[in-house]
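Working notes, structure below.
The values are calculated or read from the model by the stated rules, or taken from the named source; none is laboratory data. For clarity, every value in this text was computed on a predicted model and none was experimentally measured. All Cβ positions, even for glycine, are placed from backbone atoms using ideal geometry, and neighbour counts span all protein chains on display. Please note that ligands, DNA and RNA were not included when accessible areas were found on the heavy atoms of the full protein model with its side chains. Shrake-Rupley method; radii C 1.70, N 1.55, O 1.52, S 1.80 Å.
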Amino acid sequence: MVSLTFYGGVGEIGGNKILIESGEDRILLDFGMSFALRRKFYYTFLCPKTEKSLLEFGLLPRLKGVYRFDRSEPSLNGVFLSHSHLDHAGYVSFLKREIPIFCGETTATILKALMELRGRDLEFDLEGLEFKTFRTGKKIRLGSLEIEPIHVDHSVPGAYGLIVHTEEGSVVYTGDFRLHGSRPEMTEEFLRKAGEADPQAVIVEGTNVVGAEMSSEAEVSAKLEKLVQKTSGLVLADFAVGDLDRLRSFHGVAEKTGRQLAVTLKQAHLLRRLGGDPHLKVPCLEDGCLLVFKRSKKRYAPWEQALMELDNVVDPAGVAANQGKIILSTSFYSLGELLEINPKAGSCYVLSSSEPVTEEGEIEFDRLVNWLDHYGLPQYHIHVSGHALPHQLKEAVEAMGAKKVFPIHCEHPKLFRRFLGTKVNVKLVEKNRVYSI
Ligand SMILES: [Zn+2]
Ligand SMILES: [Zn+2]
């Protein structure tokens, strides 16, 4: 029997952990951190200290032969990551080092760069893990299972959907995907191949069934350009570190409006690491349109010091002196720099992500508004999500023609089921329950 068990991503956005079993062969699809569940018990000043606490609250499922703190023999053939977002990849930190992690080349690069940026802690430690990377077109055989990854478009590069061929038919896992980003043809290719596999089961994300906005990355870029043209002062831009599409959009807007985009040290480091991949068309750090913003700190990590050797480093005083010529990439953690920059009249703040979240996944909207209020910065929300719109989800499910559909990564699975209609056999997923395909 081929079965599926869902240990996360059930009734929540992220935390995906899906076990596929076929006789002796067992693989996991994603092994992410569940931000929502974590927030119920922990926050910045109350962090989990041991694996035991994560098991206690169900943040880590009780699985044998999986964790490095468990002495039993490894019980998995491998783990497949759809992409590098931590709600899909973060908890590989806990896995036995003998278990290989299969992921896209870009995903491995991003995760390793994150390791350099963040250092190690209980919940993020990739030391000793064996990454086996793939690209679209490669097929990986593990016992009776064959896994076929196909690229999809998402708000981080290197995202894949996975087709798992089993002796009882195929299982398709969409991971996170969208069709309104800069590379919709990648998602279309995945959906086409998934349909050709005549899937028994489709595990589909349903993030965007509430509050979906009809827009596209191209539209975001056009709106940003209009706003920057109308702004005389400094433009502060808040967007996710890994969102390379958005970085390209801001970079393009800076070019067209005669400004320079000052990226954070973290973004600069990631650009450096991803720069070697010709598939990604990453803007070059020294192309004249980019600056590297040096935050004021007492001590800089080695990776930060390495960036400071560049000629285009700018400090808060440099930004303060050239406000009308710069788009400054910022985040909740950089707000302290406003003290020295002191934005002049006519500056603005662009929230270009879904919510102002900290690295711990906490939403800090009220505090952000207090800062903006103090400095007289109006806030614009210009964003398009990394996830497909409801009508696109419906079309995708219908195009793949699955016998059974399992919605995950979704806070409203019942809504999603009714929206898909009675012609589709939708299974509402329960955590820890075993489903045959
Ligand atoms: Zn996700
Ligand atoms: Zn994602």
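Each residue, Asn312 and His374, gets one label point 7 Å from its Cα in the Cβ direction; the gap between the two is 3.1 nm. A crude spin-label estimate for the pair Ser296 and Leu415, with each label 7 Å from Cα along the Cβ direction, gives 4.4 nm. The HN-Hα couplings worked out from phi for segment 145-161 by the Karplus form 6.51 cos²θ - 1.76 cosθ + 1.60 (θ = phi - 60°) are 9, 10, 10, 10, x, 10, 4, 10, 8, 8, 7, 9, x, x, 9, 9, x Hz, whole numbers, x standing for Gly and Pro.
Considering only alpha-carbon pairs that sit under 8 angstrom and 6 or more positions apart, the relative contact order computed for the chain is 19 percent. Here the 3J(HN,Hα) profile of segment 384-395, calculated from phi with Karplus coefficients 6.51, -1.76 and 1.60 at θ = phi - 60°, is 9, 6, x, 10, 4, 7, x, 5, 6, 4, 4, 4 Hz, Gly and Pro shown as x. Remark: the Cα gyration tensor places segment 217-381 in the rounded category, a/c being less than 1.5.
Using the Karplus relation 6.51 cos²θ - 1.76 cosθ + 1.60 with θ = phi - 60°, the per-residue 3J(HN,Hα) values for segment 304-317 come to 6, 4, 4, 6, 6, 6, 5, 7, 9, 7, 10, 9, x, 5 Hz, with x marking Gly and Pro. Based on C-alpha pairs under 8 angstrom that are at least 6 apart in sequence, segment 72-220 has a relative contact order of 18 percent. Accessible area per residue for the chain, computed on protein heavy atoms with a 1.4 Å probe, is 43 Å². Close amide H pairs (under 5 Å, H built 1.01 Å from N) link Ser347 with Gly233, Leu234, residues at least 5 positions away or on another chain.
So for segment 217-381: antiparallel DSSP bridges make up what percent, rounded to the nearest 5?
The answer is about 5 percent antiparallel.
Taking the protein heavy atoms of segment 217-381 in the context of the full set of protein chains, the accessible area attributed to carbon and sulfur is 50 percent at 1.4 Å. Using every pair of separate Cα atoms, the Kirkwood estimate puts the hydrodynamic radius of the chain at 22.6 angstrom. Once the Cα-Cα distance is subtracted from the 0.36 nm per residue extended length, the His391 to Lys226 segment shows a gain of 56.5 nm.
Distance between the C-alpha centres of segment 184-207 and segment 11-42: 20 Å, rounded to the whole angstrom.
Accessible surface of segment 23-101, 1.4 Å probe: 54 percent of it comes from carbon and sulfur atoms. Between helix 184-196 and the chain there is an angle of about 0 degrees, using the helix long axis and the longest principal axis of the Cα atoms. Helix 244-256 and the long axis of the chain differ in direction by around 30°, with both axes built from C-alpha atoms. Separation of segment 284-325 and segment 252-274, taken as the distance between their Cα centroids, equals 10 angstrom.
Please state the charge dipole magnitude for segment 88-225, taken about the Cα centre, from unit charges on C-beta atoms (+1 on K and R, -1 on D and E), reported in debye and rounded to the nearest 20.
Once rounded to the nearest 20, the dipole reads 360 debye.
Distance between the 7 Å Cα→Cβ label points at Glu398 and Thr133: 3.9 nm. Between the Cα long axis of helix 365-375 and the first principal axis of the chain there is an angle of about 10°, rounded to the nearest 10.
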